[in-house]
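Notes to accompany the following structure.
The values are calculated or read from the model by the stated rules, or taken from the named source; none is laboratory data. Fair warning: this is a prediction, and the values are worked out from it, not measured in the lab. Here the Cβ positions follow ideal geometry from the backbone for every residue, glycine too, while neighbour counts run over all protein chains shown. Heavy atoms of the whole protein, side chains included, go into the accessibility calculation; ligands, DNA and RNA do not. Shrake-Rupley method; radii C 1.70, N 1.55, O 1.52, S 1.80 Å.
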Amino acid sequence: MKEALREKINELINKGIQSEAECVYLLSQLRKYQEQQSISGYYNLRMCMNWALHSSIDQGAVKHLLKDIHVFLAYKHAKSDNLNFDGFEQLKNKLLFVQPLRVELINFLDVNGFDISICSDTDKYEIFLKFFARVIEDTPLVLKSESQSVQFSHVTVSKISDFDEPIKYKWIVTSDKATIELNPFSN
């Protein structure tokens, strides 16, 4: 079973991702492999695998990210501060998950004996990201906040630029009262 799964993953990586469906399929197969082999770590990769496979998500690696967003918004609200990331560099790095995703994905593939060309070939990686950006745009991250001052119902990702540049995106935090945009690329 492990070898059949390895062959499917390597075949798809070698061919290159050519659709949203193939992007989701690759991430689902990687997740299956990770679970079968009891591989831990890889925060960004796990978050992205889960994000691609659910219609909404509020558990696992995402739960920690959402709690960090909650703490950030509560702090900024209490201080009547603008939404820059001064003092919240770790959160900013989490919101810039695309860069660490590449590092984690290449490490995961390499350590487990998979073809790494999806990460080492810049064209293949950019195409993968384009389709991944389309997949996650439709998938909210959901958290019920406990604070009355900074309640939000969900967080989504929206591309800042067009399909040709998938790494520029903003996070949209939505509540009954307001919509807040967090742009990790702005400062």
Task: Filtered residues of segment 113-137 (kept if over 13 Å from the mean Cα position of the chain (by Cα) and β-branched (Val, Ile, Thr)) - done: 116, 118, 122, 127
- [ ] Spot the failing condition for residue 129; the list is (1) assigned to a helix (DSSP H, G or I); (2) at pLDDT 85 or above; (3) open to solvent by 30 Å² or more (accessible area, probe 1.4 Å), and only one is missed.
- [x] (3)
- [ ] Among the residues of segment 113-124, write down those that are assigned to a helix (DSSP H, G or I) and open to solvent by less than 50 Å² (accessible area, probe 1.4 Å).
- [x] 117, 118, 119, 124
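When the residues of segment 5-25 are narrowed to those that are free of Cβ contacts under 8 Å to residues at least 40 places away in the same chain and hydrophobic (A, V, I, L, M, F, W, C), which ends up most open to solvent (accessible area, probe 1.4 Å)?
Step one: filter segment 5-25 for residues free of Cβ contacts under 8 Å to residues at least 40 places away in the same chain, giving 5, 7-8, 11-12, 15, 21, 25.
Right, trim to hydrophobic (A, V, I, L, M, F, W, C) and you get 5, 12, 21.
Values: 5: 10, 12: 17, 21: 72 Å².
Among residues in segment 5-25 that are free of Cβ contacts under 8 Å to residues at least 40 places away in the same chain and hydrophobic (A, V, I, L, M, F, W, C), the one most open to solvent (accessible area, probe 1.4 Å) is 21.
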TODO: Determine if segment 49-62 includes at least one residue that is on the phi < 0 side of the Ramachandran plot, open to solvent by 30 Å² or more (accessible area, probe 1.4 Å) and of a type in the set (Gly, Ala, Ser).
DONE: yes
Open item on the list: Kindly evaluate residue 68 against the criterion of being surrounded by fewer than 17 Cβ atoms within 10 Å (Cβ to Cβ), in contact with a Leu (Cβ under 9 Å, 6 or more places away or on another chain) and under 23 Å from residue 169 (Cα atoms).
Closed with: yes
Task: Restricting segment 91-112 to residues that are surrounded by fewer than 16 Cβ atoms within 10 Å (Cβ to Cβ) and modelled with pLDDT of 85 or more, the residue that is nearest to the chain's Cα centre (by Cα) - done: 103
